[in-house]
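Visitor: One structure coming up, written as structure tokens, with questions to follow.
The values are calculated or read from the model by the stated rules, or taken from the named source; none is laboratory data. Owing to the predicted nature of the structure, the values given are computational and were not obtained by experimental measurement. Neighbour counts run over all protein chains shown; Cβ positions are idealised from the backbone, glycine included. To get the accessible areas, we keep the full protein, side chains included, count just its heavy atoms, and leave off ligands, DNA and RNA. Shrake-Rupley method; radii C 1.70, N 1.55, O 1.52, S 1.80 Å.
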Amino acid sequence: QVQLVESGGGLVQPGGSLRLSCAASGSIFSINAMGWYRQAPGKERELVATITSGGSTNYADSVKGRFTISRDNAKNTVYLQMNSLKPEDTAVYYCNSVIVGSRTRSAYSYWGQGTQVTVSS
């Protein structure tokens, strides 16, 4: 069984910063890509940023230059540093990881439970 547990969401003023964390645990053989997605009220879930096991990153145009994704492979954890936050960044942020199970040796996509980020004055 694999779990993703997110933390770090909250309320922040425009221009502020937040750091999200997502830790994977369980029967893990290896972790491939990790990423963050978000879903605002009334909108579809969208990609925010991804990072490969080798450290290559990809960002949505709306967050380039403001958000930074990183990972600590020793801790099976992915981070999202969010700076210069805007009201339009308000959403539930979800962690996603493609994980190879230690027993099955098959890769599956797992999702965290989501963490609320609200940018408001």
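Visitor: Could you tell me which numbered condition VAL63 fails, if it satisfies all but one of (1) open to solvent by 50 Å² or more (accessible area, probe 1.4 Å); (2) assigned to a loop (DSSP other than H, G, I, E, B)?
Guide: (1)
Here's the yes/no breakdown for (1) in a strand (DSSP E or B); (2) open to solvent by 50 Å² or more (accessible area, probe 1.4 Å):
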site	(1), (2)
ARG19	yes, yes
ASN32	yes, yes
TRP36	yes, no
GLU44	no, yes
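Visitor: I would also like to ask the following. Determine which member of the set SER25, SER53, SER70 is open to solvent by 40 Å² or more (accessible area, probe 1.4 Å) and part of a loop (DSSP other than H, G, I, E, B).
Guide: SER53
Visitor: Assess whether GLN13 counts as being of a type outside the set (D, E, K, R), in contact (Cβ under 8 Å) with a residue 40 or more places away in the chain, touching a strand residue (DSSP E or B) at 6+ places or on another chain (Cβ under 6 Å) and open to solvent by 60 Å² or more (accessible area, probe 1.4 Å).
Guide: no
Visitor: Find the residue count for segment 83-121, including only residues that are buried (at least 18 other Cβ atoms within 10 Å of the Cβ) and touching a helix residue (DSSP H, G or I) at 6+ places or on another chain (Cβ under 7 Å).
Guide: Summing the residues that are buried (at least 18 other Cβ atoms within 10 Å of the Cβ) and touching a helix residue (DSSP H, G or I) at 6+ places or on another chain (Cβ under 7 Å) in segment 83-121 gives 2.
Visitor: If you don't mind, there's one more thing I want to ask. Under 8 Å between Cβ atoms, which residue pairs at least 6 apart in sequence (or on different chains) link something in segment 47-74 that is modelled with pLDDT of 95 or more with a partner that is part of a strand (DSSP E or B) and among the acidic types (Asp, Glu)?
Guide: ALA60/GLU46
Visitor: For segment 75-121, enumerate the residues that are of a type in the set (Val, Ile, Thr), closer than 22 Å to SER53 by Cα and either in contact (Cβ under 8 Å) with a residue 24 or more places away in the chain or in contact with a Phe, Trp or Tyr (Cβ under 7 Å, 6 or more places away or on another chain) (or both).
Guide: Within segment 75-121, THR77, VAL78, VAL98, ILE99, VAL100 meet the criteria.
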